[in-house]
2 protein chains.
Amino acid sequence: MSAYIQPPLPEERGTKRGMDQQKKRNMNNDHDDVLEPPTNFSMVEDGIFRSGFPQPSNFPFLQSLNLRSIIYLCPEPYPEENLEFLRSQNIQLLQFGIEGKTEPSVSILKDTILEALKVLIDVRNHPVLIHCKRGKHRTGCLVGCLRKFQNWCLSSVFEEYQRFAGMKSRATDMRFLEGFDTLLLRQCLYSIIYQYQGYGSNKRRLLYREDNLQKPQTMKV
Amino acid sequence: MSAYIQPPLPEERGTKRGMDQQKKRNMNNDHDDVLEPPTNFSMVEDGIFRSGFPQPSNFPFLQSLNLRSIIYLCPEPYPEENLEFLRSQNIQLLQFGIEGKTEPSVSILKDTILEALKVLIDVRNHPVLIHCKRGKHRTGCLVGCLRKFQNWCLSSVFEEYQRFAGMKSRATDMRFLEGFDTLLLRQCLYSIIYQYQGYGSNKRRLLYREDNLQKPQTMKV
């Protein structure tokens, strides 16, 4: 996430002094610029990251991700310190409040996750970080629904959920994931077509284009 | 990893029949094209993936990653079925044999990991999948060294290692990660400068360019 290597200054290249200076800079770099990702941090897809609640010590790392948005899944207000960081980095906060208790209403959860998914797969919001408090349950449910939408088999969706939830895996979350119907989302998206770009540029990513031809009238489910 | 949504055919767009056909195709799609990622699969960075040993049932998923190479960390020969898949997809196999026993020689491990790291960070090999047998120890060590090279703090390196190793975390691996000196790699790479591209294209990735000006003579450590 940080620059992989700090190149020597042009006038120093290939000289003994240049190498020594460079070594010193890199050594200093090792100590000064050490990066601390938020707890439970991981890359989900190109332009999509997940984690637990970011602390101020994680801000330099988050800065290196050049985020455009944060999807925040708790109902509690965002801390002022974090809001200040977001303002300074021009990152938009997209909040979808889901209660952290173990048995949220499935229908409320479904509706909220569906709204969050629509925002999540919109590449105009990327790069985006999804987080809740610990990056286990609410974040795990949203990522799990994304995986179902990507046609992952259920056992792989569960494996990924459990890898992040660890000992705290919840049977209710897994039942929710199993029952979540991605057709809901597909039908909501008929007027906006997302598709993967070819590998011309050796990069796979989501493309966004408006379908201006004619909007179907039966979009809402 | 799969296409996010299958767009309606142009002549069908906006018609009732088109919507029905589309719904049918998507529903079929849900059943026919279900993707099975290899066990312990995850994205590490743009163009870098990790997993356990891929089985034939995982080939359709791997195909969707459009891999250019596979870094294979076991000494055992690659199965013929997997070789056949690699040939059909024009994927190169880069093998770095590390014994799977719990106490490999630290100096041999260090040298092999260093060689694998050089190949791993060379974007000409991306997209690349790293795998060993279970995607826990050998893969975890290589990814952990990459994280140190990216200046991640040690506790975050450990957290990621443990997330994939689970109950099978090895203290020897963690001591290896703690002791691994990324200066070795930096010094090997003075003539090849990797740096992150700016966000002009809203994508962060490694760039590769040869430094043709003058190669330092003191590259080897």
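The values are calculated or read from the model by the stated rules, or taken from the named source; none is laboratory data. Small disclaimer: the values here were computed from a predicted structure and weren't measured. Here the Cβ positions follow ideal geometry from the backbone for every residue, glycine too, while neighbour counts run over all protein chains shown. These accessible areas exclude ligands, DNA and RNA; they are computed on the full protein's heavy atoms, side chains included. Shrake-Rupley method; radii C 1.70, N 1.55, O 1.52, S 1.80 Å.
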Report summary line: Scanning the range A:121-136 for residues that are open to solvent by less than 20 Å² (accessible area, probe 1.4 Å) and closer than 21 Å to residue A:169 by Cα gives A:130, A:131, A:132, A:135
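Among the residues of the range B:153-172, is there at least one that is within 11 Å of chain A (Cβ to nearest Cβ), modelled with pLDDT under 50 and surrounded by 17 or more Cβ atoms within 10 Å (Cβ to Cβ)?
As a first pass, look at the range B:153-172 and keep what is within 11 Å of chain A (Cβ to nearest Cβ): B:153-157, B:159-160, B:162-167.
After this cut, where a residue has to be modelled with pLDDT under 50 as well, the list is none.
Within the range B:153-172, not a single residue is within 11 Å of chain A (Cβ to nearest Cβ), modelled with pLDDT under 50 and surrounded by 17 or more Cβ atoms within 10 Å (Cβ to Cβ).
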Report task. Please tell me if residue B:135 is more than 9 Å from chain A (Cβ to nearest Cβ), under 13 Å from the mean Cα position of the chain (by Cα) and part of a helix (DSSP H, G or I). Result -> no
Query raised in the report: So which of B:97, B:144 ends up being surrounded by 19 or more Cβ atoms within 10 Å (Cβ to Cβ) and not hydrophobic (A, V, I, L, M, F, W, C)?
Result: B:144
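Each row is one residue, and each column tells you yes or no for (1) under 14 Å from the mean Cα position of the chain (by Cα); (2) hydroxyl-bearing (Ser, Thr, Tyr).
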position	(1), (2)
A:67	yes, no
A:80	no, no
A:151	no, no
A:161	no, yes
A:177	no, no
